[in-house]
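Notes follow the structure.
The values are calculated or read from the model by the stated rules, or taken from the named source; none is laboratory data. Note that the coordinates shown come from a computational prediction; the quantities given were computed from them, not determined experimentally. With ideal geometry, Cβ positions are generated from the backbone for all residues, glycine too; neighbour counts draw on all protein chains shown. Ligands, DNA and RNA are stripped out before the accessible areas are found, and what is left, the full protein with its side chains, is counted by its heavy atoms. Shrake-Rupley method; radii C 1.70, N 1.55, O 1.52, S 1.80 Å.
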Amino acid sequence: MALAVTALVALWLHANAGRVSNLPEGVDMEKQVALVLENPALFLATSVRSLVANGEFLARSTIGILGWLTLGLPAWLYVTVCVALALGVYSDGAHGELTWPVAVWLLTLAMGSLLLVQLALYVYWNPVGARIIEGVQGRYIIPLLPMVGVAVSAVFPRRQAVAYRELTYPALVAIMGVASVGMHVTIVRGFGVL
């Protein structure tokens with residue numbers, strides 16, 4: 001199915017290649033696809049290099065950078081949301097229900113999806129042979145987080161007492177409430193709206 005969707009998207013982009021405006025200089029979709037097909041290892045290296053170079057931006061924009069990616073949230077808010085994500089993964093009830101092969105499969109699907117997002121932007125938005133893939137934003141990663149969260153929660157044994165496990169959900173609600181208020185305050189201060 002994914003191959004069919006990828007083929008349709010590639011066909012659509014090829015059919016409309018001359019109609020696209022406002023592309024960065026040096027973008028040539030046909031040459032970029034030919035380069036990737038000729039040397040897939042080069043694309044994989046570019047993908048990894050891009051994740052390393054843009055890792056902080058991807059993490060921050062997954063949680064939230066508002067407006068035209070111009071209004072960041074306070075640093076404490078990023079930390080708070082990361083704590084909530086980790087607590088949510090740790091308190092999830094998937095442990096023991098999923099086997100290692102299923103967890104590995106979920107992680108493989110998530111990484112494959114991320115690679116396809118990078119490939120699409122590499123072909124469509126980056127100059128031929130670019131060393132870093134530009135245009136990938138954290139919002140493209142959000143749909144992959146549940147797969148990663150379930151896989152991670154399934155493979156790590158929980159060592160918390162049962163009494164503490166019952167406190168994780170109220171703690172999550174409290175943390176996300178504080179994060180929500182922090183985001184609203186940031187919006188009001190940054191954009192001057194109520």
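Roughly what angle does helix 100-125 make with the longest principal axis of the chain, taking Cα atoms, 0 to 90 degrees, to the nearest 10?
The two axes meet at around 40 degrees.
Note down the nm distance, to one decimal, between modelled labels 7 Å out along Cα→Cβ at Y169 and at L116.
Between Y169 and L116, the simple spin-label model gives 3.4 nm.
Consider just the alpha-carbon atoms of the chain and return their Rg together with their Dmax, both in angstrom.
Cα-based Rg and Dmax for the chain come out at 20.1, 62 Å.
Before I look further, what does the stretch 1-81 give for accessible area per residue, probe 1.4 Å, in whole square angstrom?
So the stretch 1-81 comes to 67 Å² accessible per residue, rounded to a whole number.
For the chain, build the charge dipole from Cβ charges (+1 Lys, Arg; -1 Asp, Glu) around the Cα centre, then report which of L8, A103, A45 sits farthest towards its positive end.
Ranked along the dipole, the leading option is A103.
Rounded to the nearest 0.05, what FRET efficiency do V48 and V185 give with R0 = 35 Å and r taken as the Cβ-Cβ distance? Could you check?
0.40
Can you work out the FRET efficiency for the pair E134 and L8, with r the C-beta to C-beta distance and R0 = 25 Å, to the nearest 0.05?
0.55
Send over the semi-axes of the stretch 67-148's equivalent ellipsoid, whole angstrom and largest first, taken as the square roots of 5 times the C-alpha gyration tensor eigenvalues.
In descending order the semi-axes read 28, 22, 8 Å.
Quick check: with the 1.4 Å probe, what order do M29, M176, M147 take by accessible area, largest first?
M176, M147, M29
Please work out how much length the chain gains when fully extended from L23 to A86, using 0.36 nm per residue of separation minus the C-alpha to C-alpha distance, in nm with one decimal.
Difference between extended and current length: 18.9 nm.
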